[in-house]
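Here the structure comes first, spelled out in structure tokens, and everything after it is commentary.
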Amino acid sequence: MPLVKMTELFAAHEDTTFAVGAFNVSNMEMAWGAIQAAEELQTPLILQIAEGRLRYSPLDLLGPVMLAAAKRCKVPAAVHLDHGGTLETIKLALSLGFTSVMFDGSKYPLEENIRRTREVVELAHAQGAAVEAEIGRVGGAEGDYKSVDVLVTSVDEAKKFAEETGVDALAVAIGTAHGNYTVQPKLRIDRLKEIFDAIKTPLVLHGGTGLTEDDFKNCIANGIKKINIATASYDNSAKKIREVCSAKPDAKFFDFSDAVVRGTCENVKRHMKIFKRDA
Ligand code: 13P
């Protein structure tokens, strides 16, 4: 099946019945588990890795594995750089053939975020790739960064940002945070709806781990087109490894590889079933 651009997988603006899952992976086993889930459920997906995790899986090593996994997947799959923070990493992802990149300029003042994002849009579009950016600030930390507080996206800023940058997807902050929640978040669905009504750019939800099925469905019904899931796949894979350890004290290396494939596959399927259009 072809490697596709994430924008080809998004529902049309007015179609609020499903969202595409974007699943973070950190090794071959996770990428393989994710595409097995996609094939079993016949559901397209986005494979992604965040810049903050590259210490564990260098992009020049894992990127080609992700692209190979997407190309051998029997349903459409996109390969995306999540939370790109430096031009160096973004350029590397584009040169490897990633079909989209995120530039996360949420730590910069608005005008600087716009200027830097525009630079990335020019670079990526010239190579046929799509760009996601962030406005407002999702909480927590994706990767080995310092945790930050949520800064809910303003409608006016989102509108200005979308118009002036020409991004293909926009991550909005509506109360979610990366990582596991210590307190269940109360999502600002009212704000999401206002942003959705104000701009046509496909909207992205970060910090999917730990949200309830109702949260996801509510976000999709109010305009979210892409949902990021990272921590839940890492946690489920680690759980499967612990289960192997306690059931089989003489477990071999490949028992653990297999546990990671199964752990990711199971978690990706669980989320895909929620993000899918109700039959
Ligand atoms: P979680 O780790 O909370 O699932 O967040 C994933 C994410 O938003 C990646 O950018």
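The values are calculated or read from the model by the stated rules, or taken from the named source; none is laboratory data. Note that this is a predicted model, so its numbers are computed, not measured. Backbone-built Cβ (ideal geometry, glycine too); neighbour counts: all protein chains shown.
Residues that are without any contact (Cβ under 8 Å) to a residue 40 or more places away in the chain, within 13 Å of the ligand (Cβ to nearest atom) and of a type in the set (Ser, Thr, Tyr) occur at least once in the range 199-210.
Suppose we filter Thr165, Thr99 for residues that are touching a Ser or Thr at 6+ places or on another chain (Cβ under 6 Å), at pLDDT 95 or above and hydroxyl-bearing (Ser, Thr, Tyr); which single one remains? Matching residue, one of Thr165, Thr99: Thr165. Among the candidates Ala259, Ala251, the residue that is aliphatic (A, V, I, L, M), free of Cβ contacts under 8 Å to residues at least 24 places away in the same chain and surrounded by fewer than 17 Cβ atoms within 10 Å (Cβ to Cβ) is uniquely Ala251.
Residues checked against (1) surrounded by fewer than 18 Cβ atoms within 10 Å (Cβ to Cβ); (2) within 16 Å of Ala34 (Cβ to Cβ):
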| position | (1), (2) |
| --- | --- |
| Gln48 | no, yes |
| Glu51 | no, no |
| Leu61 | yes, no |
| Leu67 | no, yes |
| Asp82 | no, yes |
| Leu92 | no, no |
| Thr99 | no, yes |
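Set side by side, the residues Leu45, Leu3, Leu59 differ, and just one is modelled with pLDDT of 95 or more, touching a Lys or Arg at 6+ places or on another chain (Cβ under 7 Å) and closer than 27 Å to Gly85 by Cβ, which is Leu3. The set of residues from the range 128-161 being within 12 Å of the ligand (Cβ to nearest atom) and at pLDDT 95 or above comprises Glu132, Glu134. Taking the conditions (1) within 16 Å of the ligand (Cβ to nearest atom); (2) within 21 Å of Gly84 (Cα to Cα); (3) surrounded by fewer than 20 Cβ atoms within 10 Å (Cβ to Cβ) in turn, Glu164 satisfies each one other than (1).
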